[in-house]
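Okay, structure first, notes after.
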Amino acid sequence: VVLLSVPGPLITGVIGGPVSARIRAVARVLGARQLAQGTISCLAPTSGLIRAGAAADGIHAASMLALAGTEPGLRRALLAETAIAAAFGSAATAALCRITGATGDADRRR
């Protein structure tokens, strides 16, 4: 919600300097996506929806990590966003395992 409503101060606090209007706009879009995904996943937690959310979070984490390598001024913020997206993806994967009964243990499934 913070990334959606006041991204400037949040990002400025992480990188230690001002951010452009473009970066604030992109952060708002990402914040809206995260909020919508979380809301929809809570309201209709089907395995397909959670799987799609986990995939989106994984792709998002990978893209932020790649961008961190090319944007030294934003690196700290991008790495923080990478960690957040990875945590959301991990949480979604854990929820999916609970819903489907999967344990991730190949020996137990034999």
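The values are calculated or read from the model by the stated rules, or taken from the named source; none is laboratory data. Owing to the predicted nature of the structure, the values given are computational and were not obtained by experimental measurement. Only protein heavy atoms, including side chains, enter the accessible area calculation; ligands, DNA and RNA are left aside. Shrake-Rupley method; radii C 1.70, N 1.55, O 1.52, S 1.80 Å.
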Probe 1.4 Å, protein heavy atoms only - accessible area per residue of the chain in square angstrom: 61
Read through the labelled values (1) 16.8, 59; (2) 28.1, 82; (3) 16.1, 56 and report the label of the one computed as Rg and Dmax of the Cα atoms in Å from the structure. (3)
Helix-only mean residue ellipticity at 222 nm for the chain, each DSSP H run of n ≥ 4 adding -39500 (n - 2.57), per residue, nearest 500: -25500 deg cm²/dmol
Helix 21-43 versus the longest principal axis of the chain: what angle, 0 to 90°, nearest 10, using Cα atoms? 20
To the nearest 10 degrees, the tilt of helix 47-68 (Cα long axis) against the first principal axis of the alpha carbons of the chain is 40
Please build a GNM for the chain, connecting alpha carbons under 10 Å apart, and tell me which residue among LEU35, LEU43, LEU78 fluctuates the most. LEU43
Helix 75-100 vs. the chain, principal-axis angle (Cα, 0 to 90°, nearest 10): 20
For region 10-80, which whole-number percentage of the solvent-accessible area (1.4 Å probe, protein heavy atoms only) is attributable to carbon and sulfur atoms? 72
